[in-house]
Amino acid sequence: MAETQTIVLGGGCFWCTEAVYKEVRGILDVESGYSNGHVERPGYEEVCTGTTGHAEVVKLTFDPAQISLRQVLEIFFVVHDPTQLNRQGNDVGTQYRSGIYTTTPEQKQFADDMIRSMSQEKLFGKPIATEVAPLANYWPAEPYHQDFFERNPHQGYCMAVAAPKVAKFRKTFTELARR
């Protein structure tokens with residue numbers, strides 16, 4: 001059996017990113033959390049101030065025999081806007097930055113190469129603002145943030161922001177959706 005891999009992605013609000021990756025075949029675990037800040041054990045309210053340096057993220061454990069790192073990152077670049085610096089839509093602040101936080105040097109090199117290639121192709125029409133860095137100071141989010149969309153599909157933010165991202169994933173990546 002192939003070893004699993006872990007990568008951490010920040011694509012704005014973690015409720016949205018988590019909702020998408022829960023739908024992806026080959027993703028074995030999705031956990032909302034905070035990473036790459038300077039405070040130990042930050043809480044949601046503290047992270048929301050923007051003073052901890054953390055990004056809202058999802059930690060993904062995936063099976064590379066079922067889904068490649070390229071596919072994981074292709075989904076990431078489709079379901080959020082990687083050209084927005086420190087925001088996604090109306091969610092503004094460094095905690096909503098676009099980021100790829102890697103757990104191996106190979107992942108970092110792959111992500112850097114992928115962004116370089118997309119930038120050369122001018123794929124998004126604007127510069128890509130996604131930061132790529134080794135994973136640092138990761139902390140799981142509070143239990144009430146885990147599986148938030150799944151438990152609250154009719155909550156206003158979920159209906160307005162998360163649901164359209166899930167629908168975009170399903171439409172764009174039909175072959176990668178869980179059956």
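Could you please give the count of residues in the stretch 132-148 that are assigned to a strand (DSSP E or B) and within 16 Å of Glu45 (Cα to Cα)?
Matching residues across the stretch 132-148 total 2.
Quick one: Arg41 ticks every box in (1) in contact (Cβ under 8 Å) with a residue 60 or more places away in the chain; (2) surrounded by 15 or more Cβ atoms within 10 Å (Cβ to Cβ) except a single one, so which number is it?
Here Arg41 meets the rest and fails (2).
Those residues that are of a type outside the set (Asp, Glu), touching a residue at least 24 places away in the same chain (Cβ under 8 Å) and either more than 28 Å from Val24 (Cα to Cα) or surrounded by fewer than 19 Cβ atoms within 10 Å (Cβ to Cβ) (or both), I need them from the stretch 53-68; list them, please.
Residues satisfying the conditions are Gly53, Thr61, Pro64, Ala65, Gln66.
Output the residue which, of all residues in the stretch 6-33 that are over 11 Å from the mean Cα position of the chain (by Cα) and in a strand (DSSP E or B), is farthest from Ala160 (Cα to Cα).
Restricting to residues being over 11 Å from the mean Cα position of the chain (by Cα) and in a strand (DSSP E or B), the top hit is Thr6.
Kindly indicate whether Glu3 is acidic (Asp, Glu), in a loop (DSSP other than H, G, I, E, B) and surrounded by fewer than 21 Cβ atoms within 10 Å (Cβ to Cβ).
yes
Test each condition in (1) assigned to a helix (DSSP H, G or I); (2) over 21 Å from Asp113 (Cβ atoms); (3) out of contact with any strand residue (DSSP E or B) (no Cβ under 8 Å at 6 or more places or on another chain) for Val47 and report the one that comes out false.
(3)
Which of the residues belonging to the stretch 161-172 are under 21 Å from Ser68 (Cβ atoms) and surrounded by fewer than 19 Cβ atoms within 10 Å (Cβ to Cβ)?
Lys168, Arg170, Lys171, Thr172 - these are the residues of the stretch 161-172 that are under 21 Å from Ser68 (Cβ atoms) and surrounded by fewer than 19 Cβ atoms within 10 Å (Cβ to Cβ).
Throughout, read-outs are computed from the coordinates displayed, never taken from laboratory work. Just so it is clear, the structure is predicted and the values come from calculations on it, not from any experiment. All Cβ positions, glycine included, derive from the backbone under ideal geometry; neighbour counts span all protein chains shown.
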